[in-house]
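What follows is calculated from the coordinates using simple rules that are stated; it is not laboratory data. Everything numeric in this text was worked out from a predicted model, so none of it was measured. Note: ideal-geometry Cβ built from the backbone for every residue, glycine included; neighbour counts use all protein chains shown.
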Amino acid sequence: PVVLDQWQEITFDFANDTFVNADSSSDDPVDRTDLNKVVIQMNSENNNDKVTAYMDEFSYGTKPTIAGAYANDDFEGCDGIASLKGDGTTIDVAFANPYSGGINTSVHVLKYVDDGGQYANVGFNVSPNFDLSENATFKIKVYVESSSITGSQPNQISFKLQNGDIAQFWTTQTEIIKPV
C-alpha cells in the first residue's frame, strides 16, 4: 500500500499486476494495442472526498530514437508531458516541492488537489499508442498528505489506461488500484 506523508515510488505493471477492465460484462478483454490515454485518480470514483497529493518523475519508456510511445515528466519545465490536464481537479505542474528530501529532492512537482469532484483526475494522451508487449510498466513518485484526506471512501490511487481516440474512452479502460 501507499504510505501517507512520505515520498514513495509506485510502479504500475500491466504485465504482472492484477488489473481490471471497465467492461467486465464482455467476454473480450480490452484491446491493449489501442491504449493511448493515462488517467490517475486519487480515491474512488463517485465520491465527494477531498485529497491533496504531489506527484513527480512520471516515467514510461525511454526517449525513442524512432517512433514509439514515450511519456516522462519530472515537472522541472523541460521535456515533459504537454497534454497533461486536470479533470475535476486543480493541478499545478510547476509547484515548489513542499516536502523535499528522501527519495525526492527535486525543485518542482505536480500538485493535485481533488476538491470533491465526482470523477476528479489528472491525465494525458500519447501518440503513438502504448506498446504494452514491449513495456508495460509505469512509475511515478507520490506524496499524499494525511491531513488533506476527508470522507469515508476507500483511499487509493487508481492508474488507468484508456483508448482516448473514442468518445466513451472509459469503456476501454484497464485499471490498477493501489490502496493508500
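Quick notes on this structure:
- Each label was represented as a point 7 Å from its Cα along the Cα-to-Cβ direction; for residue 133 and residue 170 these points are 3.1 nm apart.
- Compactness of segment 71-176 - radius of gyration and Dmax, Cα, Å: 15.0, 42
- Net charge over other residues, Cβ less than 9 angstrom from the Cβ of residue 37 (K, R count +1; D, E count -1): 0
- Alpha-carbon gyration tensor eigenvalues x 5, square-rooted, for segment 115-180, Å: 26, 16, 10
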